[in-house]
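The values are calculated or read from the model by the stated rules, or taken from the named source; none is laboratory data. Bear in mind the structure is a predicted one, so any value in this text is a computation, not a measurement. Every residue, glycine among them, receives a Cβ derived from its backbone with ideal geometry; neighbour counts consider all protein chains shown.
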Amino acid sequence: MYRKVDHIGIAVKDMERAKEIFRNLGLEVESEEVVEDQKVRVAFIPVGDARMELLEPTAPDSPVARFIEKRGEGVHHVALGVEDVEAVLEKLKTKGVKLIDERPRVGAHGTLIAFLHPKSTGGILLELCQEK
Ligand code: CO
């Protein structure tokens, strides 16, 4: 049901500064876009098969802005690549797993994504993501 760790989401206050930090480590941003739905600017940094996803809030009421306020910059979520988000959500629901998204929504690059509730994952924000 799970294919791989797709990406690790990292909350940043200042995208340009974050890109500079990663560039200094020898990692380059491959693509960048704004996801209106989540009020974030997203930049992807490929690392082998996986990616880092830098997340910069575009508004004070962005969920990522609230995350930074509470917990500071750093790891925000881990995303697991799946074949079929809807099927996985159905399966997890029957096991009583708490979901943030009952249904998949559209994420960066037109992927289908859904977040699981940290109460059911030992405190980690887990994203399921399905490539289109
Ligand atoms: Co993500």
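Among residues of the range 68-81 that are closer than 10 Å to ILE8 by Cα, those with a beta-carbon under 6 Å from a residue that is of a type in the set (Ser, Thr, Tyr) at least six positions away or on a different chain give the pairs LEU80/TYR2. Among the conditions (1) away from the ligand (no atom under 16 Å from the Cβ); (2) within 19 Å of ILE8 (Cα to Cα); (3) of a type outside the set (A, V, I, L, M, F, W, C), the only one that LYS91 does not satisfy is (2). Going through (1) in contact (Cβ under 8 Å) with a residue 40 or more places away in the chain; (2) within 16 Å of the ligand (Cβ to nearest atom) one by one, ASP84 falls short only on (2).
Among the residues in the range 59-72, are any within 13 Å of the ligand (Cβ to nearest atom), in contact with a helix residue (DSSP H, G or I) (Cβ under 9 Å, 6 or more places away or on another chain) and at pLDDT below 95? Yes, the range 59-72 contains at least one residue that is within 13 Å of the ligand (Cβ to nearest atom), in contact with a helix residue (DSSP H, G or I) (Cβ under 9 Å, 6 or more places away or on another chain) and at pLDDT below 95.
Here is a yes/no grid of residues against (1) surrounded by fewer than 19 Cβ atoms within 10 Å (Cβ to Cβ); (2) closer than 18 Å to PHE115 by Cα; (3) more than 14 Å from the ligand (Cβ to nearest atom):
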| position | (1), (2), (3) |
| --- | --- |
| TYR2 | yes, yes, yes |
| ASP6 | no, yes, no |
| LYS13 | yes, no, yes |
| LYS19 | no, no, yes |
| ARG23 | yes, no, yes |
| SER31 | yes, no, no |
| VAL40 | no, yes, no |
| PHE44 | yes, no, no |
| GLY48 | yes, no, yes |
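Exactly one residue among GLY48, GLY26 is farther than 23 Å from THR121 by Cβ, modelled with pLDDT under 95 and either over 16 Å from the mean Cα position of the chain (by Cα) or among the aliphatic types (A, V, I, L, M) (or both), and that residue is GLY48.
For the range 73-132, a tally of residues being at pLDDT 95 or above, assigned to a strand (DSSP E or B) and of a type in the set (D, E, K, R) returns 1. Residue by residue through the range 50-64, note down the ones that are surrounded by fewer than 18 Cβ atoms within 10 Å (Cβ to Cβ) and of a type in the set (A, V, I, L, M, F, W, C). Hits for the range 50-64 are ALA50, ALA59.
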